[in-house]
Each structure stands twice: as C-alpha cells, then as structure tokens.
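Participant: First the structure, then my questions, so here it is.
Where a number appears in this text, it was derived from the coordinates with a stated rule and is not lab data. Quick caveat, the model's predicted, so the values are computed rather than measured. Cβ placement follows ideal geometry from the backbone for every residue including glycine, while neighbour counts extend to all protein chains displayed.
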Amino acid sequence: MKRLHRAIALTLSGVLLTAAMAGCGSTGSAQDSTDRTIVRIGHNQATDHPTHISLLAFEEYIEDKLGDKYDVEVYPSELLGSQTDMVQLTQTGAIDFCVASNSILETFSENYTIFNMPYLFASSDAYHAAMDDPEITDPIFESTKKAGFEAVTWIDAGTRNFYTVSKPIETPADLKGLKIRVQQSPTNVEMMNLLGGSATPMGFGEVYTALQSKVIDGAENNEMALTSNGHGDVCKYYSYDMHQMIPDILIGNCAFLDEMPEEDRAIFEEGFALVNQVEREEWTKAVEAAKDKAQNEQGVQFLYPDTKPFQEICMPMHQSLLEQYSELEPIYEGIQKYNEQYPTDAAEGGTEP
Ligand code: GCU
C-alpha cells in the first residue's frame with residue numbers, strides 16, 4: 001500500500017514538474033473543462049488532521065465566493081511529494097500552494113531560522129501573539145519572494161517533544177547514543193547533537209518505517225504524530241521537554257498571487273485568514289483527542305521532565321543566531337516582549353497536569 005502510495009505521489013509530482021517545465025501559462029496554473037483556474041494545494045498530513053480540515057474550509061470558501069473562476073484541489077498525505085518537493089513545485093508554479101514546516105524553509109531563506117530556535121517562545125500564548133504580529137512575521141514571510149514563493153499564513157503545529165521506542169527521556173543524558181529523527185534543517189541537526197543524541201534527518205513520510213525497523217530509536221514532534229501518523233504504535237514514551245514550537249507555513253507561488261485580479265486576491269486573503277483560524281480551533285481539539293488515544297489505546301506513557309536542563313544546553317544557539325544574522329535582532333527583541341507579556345505557564349506541557 002505504502003509502495004503504491006509512493007508510486008502515485010512520484011507520478012503526480014513528475015507530471016506536475018514536466019508541466020511546469022513545458023510552461024503552461026506564466027503561473028503554471030491549469031484550466032479545468034469549464035475554464036476555471038485549477039488551484040492545487042499540497043500538504044503532507046492525513047485527511048483527519050487539522051491542516052487538511054482547514055484547507056477544505058479554504059476550498060469551500062473560495063469556491064463559494066469565486067466558484068465560477070477557480071477550482072481548488074487539496075492533495076493530502078504527500079501525494080504531490082515530500083515537503084521539500086512541494087516547496088520546489090510551488091516555486092516553479094507547477095502547483096500554487098503547499099504547507100511546509102518552517103524547519104525546511106530555512107534552507108530556502110535563512111530568515112526562517114529564527115522560528116526554528118529551540119526554546120524561542122516562553123509559552124503558547126507568546127508564540128501565538130508573536131506569529132499573529134505582522135511586524136514579526138512580514139520580514140520573514142516576504143523573504144522568499146525572489147525565490148518565487150511567499151508565505152500567506154501560518155498554521156499551528158503545537159510543541160515538539162521527544163518520543164522513543166523503548167527508553168524514556170527524563171534528562172538530556174538519556175538521549176546519549178540514541179538515533180533521533182529530526183527534520184531536514186541545519187538548526188534541528190545542531191540542536192539534537194548539542195542535546196547529546198545522534199541527529200538523523202529524514203522526510204516525515206519515512207519516519208514510521210524507520211522507527212518500526214529500528215533504524216532510529218525515536219523522533220520528536222507534536223502529539224498528532226503519535227496517532228495521525230501511527231508513531232505511537234511503536235514509540236511508548238513521550239517526554240514533554242518542550243524544545244520547539246515550530247509553525248507550519250502555507251506558501252503560495254508569487255506569480256499566481258500577483259497576477260490575479262485585485263478583487264480575487266482580497267477574497268484569497270480572507271481565505272488564508274480562515275485557514276489559520278479553522279486550523280487553530282481544530283488543533284486544540286485534535287491534540288486533546290490524540291493524547292487520549294495515545295494513552296488509552298496505544299499505551300503511550302507521557303512523561304513530564306524538568307525542561308530546564310534541556311533549555312540550558314540549547315540557549316547558546318540564540319546568541320549564535322544573532323551573531324550570524326544581526327538583521328534578525330529586532331524580530332528577536334519583538335518576540336522577547338511577548339515572552340515577558342506571556343511567561344511560561346507551569347500548567348503547559350512541562351509539568352504534569
Ligand atoms: C509536523 C509538522 C509537519 C512536518 C512534520 C515533520 O507534523 O506539522 O509540517 O512535516 O512535523 O516532523 O516533518
């Protein structure tokens with residue numbers, strides 16, 4: 001089944017790439033049989049995931065308001081390829097939008113590195129307030145325009161924590177000698193190695209098999225990975241060390257966005273805001289349900305270690321980031337203001353409820 005899925009995905013992304021290279025209009029957008037512009041959106045989550053639900057709300061909204069002109073198609077589950085493939089397809093205009101983790105976007109623009117910093121946000125409230133502030137996000141979101149794509153909204157992906165097949169992680173020392181899957185981003189590799197584990201970067205779609213075949217000893221992600229991606233079938237310990245709050249980003253092809261009539265663009269902007277709103281509402285419910293299922297059906301044990309030792313090891317990364325990219329300093333300072341306003345909430349993750 002997995003092989004069939006991959007074959008379909010490869011064929012689809014191959015077809016799209018060929019279409020883009022052959023040049024099908026300046027934006028690469030295709031027309032359906034009623035001459036409507038087909039708007040293709042790809043992502044890597046399953047159809048029960050808040051990301052998919054929010055994109056279906058977008059599809060419905062656009063087709064309700066502009067259904068005579070646009071036909072929105074949402075492709076879940078890496079059907080159009082891995083996130084990195086999909087970003088490249090969006091860049092060329094072979095597809096119009098995709099959802100990419102902020103992690104992998106740092107390889108397209110270094111500005112994105114800031115949101116990948118471990119322990120950047122003091123609490124979920126600080127994270128949400130910062131991500132909702134255009135003064136913080138605009139300079140980052142617009143930084144890939146020259147590369148052909150831009151971010152149109154952010155999507156909550158909760159907090160990333162370690163989970164392992166057989167060894168509970170209570171302190172950073174427990175990570176020693178363990179191969180832990182991380183996203184394909186230099187920041188994540190550095191973080192993992194600093195914490196003492198052996199960073200094993202790979203695409204999201206490969207993690208389940210790697211865990212099952214013991215190529216890796218664990219991974220790190222939000223709670224949804226346990227259930228929606230089945231990682232909780234293999235990993236029995238989930239430790240709330242709270243190392244990152246990394247948003248997902250909905251990115252769009254610049255030519256497609258810039259060339260549409262102004263009044264259409266205004267409706268699309270409303271649609272992007274709806275994606276953010278619907279996903280955040282769904283997220284809270286989905287995480288609660290995922291924790292319940294992981295604990296009661298998959299037998300996952302949730303651990304609440306002291307987060308400070310993890311944090312202390314990672315904090316020097318902030319200084320190095322600012323030394324390397326001094327232009328990010330005002331954004332970093334802006335985030336600190338939200339951290340003061342919304343300090344760490346003891347009830348959140350790090351402490352047993
Ligand atoms: C989360 C995130 C995805 C990302 C995945 C990963 O699920 O929402 O965008 O691809 O983590 O770890 O790769």
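Participant: Could you give the distance between the Cα centres of region 289-353 and region 103-180, to the whole Å?
Facilitator: First find each Cα centre; the distance between them is then 10 Å.
Participant: Quick check for you: which residues of region 237-276 have the amide N under 16 Å from the point 7 Å beyond the Cα of residue 34 toward its beta carbon?
Facilitator: Label zone hits: none.
Participant: Which listed residue (272, 300, 86) has the Cα farthest towards the positive end of the charge dipole for the chain, taking +1 on Lys and Arg C-beta and -1 on Asp and Glu C-beta about the Cα centre?
Facilitator: Going by the charge dipole, the pick is 300.
Participant: As a check on your grasp of the helix formula, calculate [θ] at 222 nm for the chain: sum -39500 (n - 2.57) over DSSP H runs of n ≥ 4, divide by the residue count, round to the nearest 500.
Facilitator: Dividing the helical sum by the residues of the chain leaves -13500 deg cm²/dmol.
Participant: Then there's this: How big is D, in µm² s⁻¹, for region 91-178 by Stokes-Einstein at 10 °C and 1.306 mPa s if Rh is the Kirkwood radius over C-alpha pairs?
Facilitator: Working: Rh = 15.3 Å.
Translational D for this selection: 104 µm²/s.
Participant: Modelled label-to-label distance, residue 315 and residue 47, 7 Å Cα→beta-carbon offset: nm?
Facilitator: 4.8
Participant: Hey, another quick one. Between rounded, prolate and oblate, where does region 187-258 land on the alpha carbon gyration tensor, with a ≥ b ≥ c its root eigenvalues, rounded for a/c under 1.5, else prolate if a/b exceeds b/c?
Facilitator: Prolate.
Participant: What does the extension gain come out to for residue 266 and residue 296, with contour length at 0.36 nm per residue minus their alpha carbon separation?
Facilitator: 6.3 nm
Participant: Continuing with the same structure: Under DSSP H, which helices of the chain have Cα atoms covering 15 Å or more of the helix axis and a Kyte-Doolittle average no less than 0.5?
Facilitator: The qualifying helices are 2-22.
Participant: Assuming R0 = 41 Å, can you tell me the calculated FRET efficiency for the pair residue 179 and residue 145, based on Cβ-Cβ distance, to the nearest 0.05?
Facilitator: Working: r = 38 Å, r/R0 = 0.92.
Once the sixth-power term is evaluated, E becomes 0.65.
Participant: Relative to the Cα centre, what is the charge dipole magnitude of the chain, using +1 at the beta carbon of each Lys and Arg, -1 at the beta carbon of each Asp and Glu, and rounding to the nearest 20 debye? Intermediate results must be reported in sequence, preceding the final value.
Facilitator: Numbers: 23 positive and 56 negative charges, 359 e Å.
For the chain, the charge dipole is close to 1720 debye.
Participant: What's the Kirkwood radius of region 215-353 in Å, using all Cα pairs? If you can, show how the numbers build up before the last one.
Facilitator: Working: mean 1/r = 0.0538 Å⁻¹.
In region 215-353 this quantity evaluates to 18.6 Å.
Participant: A follow-up question, please. So how many Å³ per residue does the convex hull of the Cα atoms of region 106-262 work out to?
Facilitator: Expressed per residue, the convex hull around the Cα atoms of region 106-262 is 121 Å³.
Participant: Multiply the residue gap between residue 63 and residue 132 by 0.36 nm, knock off their C-alpha separation, and tell me the result in nm, one decimal place. Working shown, then result.
Facilitator: Numbers: separation 69, 0.36 × 69 = 24.84 nm, distance 2.62 nm.
Once the chain is fully extended between residue 63 and residue 132, it gains 22.2 nm.
Participant: Could I ask something else about it? In percent, how large is the relative contact order of the chain, given Cα pairs closer than 8 Å and 6 or more residues apart?
Facilitator: It comes to 23 percent, rounded to a whole number.
Participant: Also, quick follow-up: Quick one: what do you get for region 148-199 if you divide its Cα Rg by 2.2 N^0.38 Å?
Facilitator: 1.43
Participant: Quick check: from the Cα gyration tensor, does region 276-353 come out rounded (a/c under 1.5), prolate or oblate?
Facilitator: Prolate is the answer for region 276-353, as a/c is 1.5 or above and a/b outweighs b/c.
Participant: Then there is this: Amide H of residue 121 versus every other amide H placed in the peptide plane: which residues, excluding those fewer than 5 positions away on the same chain, fall under 5 Å?
Facilitator: Sorted by chain and number, the residues that satisfy this are 245.
Participant: Binning every alpha carbon pair distance of region 199-239 at 10 Å from zero, what are the percents per bin?
Facilitator: 30, 65, 5
Participant: Here's something else I'd like to know. Is the shape of the chain best called rounded, prolate or oblate, per the rule: a/c under 1.5 gives rounded, else a/b larger than b/c gives prolate, else oblate, with a ≥ b ≥ c the square roots of the Cα gyration tensor eigenvalues?
Facilitator: It is prolate, given that a/c is not under 1.5 and a/b is the larger ratio.
Participant: Once you've got the Cα coordinates, tell me which of 167/285; 214/291; 179/236; 236/308; 65/285; 214/293 are over 20 Å apart. All intermediate terms of the calculation are to be shown ahead of the outcome.
Facilitator: Values: 167/285 29 Å; 214/291 24 Å; 179/236 16 Å; 236/308 23 Å; 65/285 28 Å; 214/293 23 Å.
The answer is 167/285; 214/291; 236/308; 65/285; 214/293.
Participant: Based on the Cβ-Cβ distance from residue 324 to residue 209, what FRET efficiency comes out when R0 is 35 Å, to the nearest 0.05? Walk me through the intermediate numbers first.
Facilitator: Details: r = 35 Å, r/R0 = 1.01.
That gives a FRET efficiency of 0.50.
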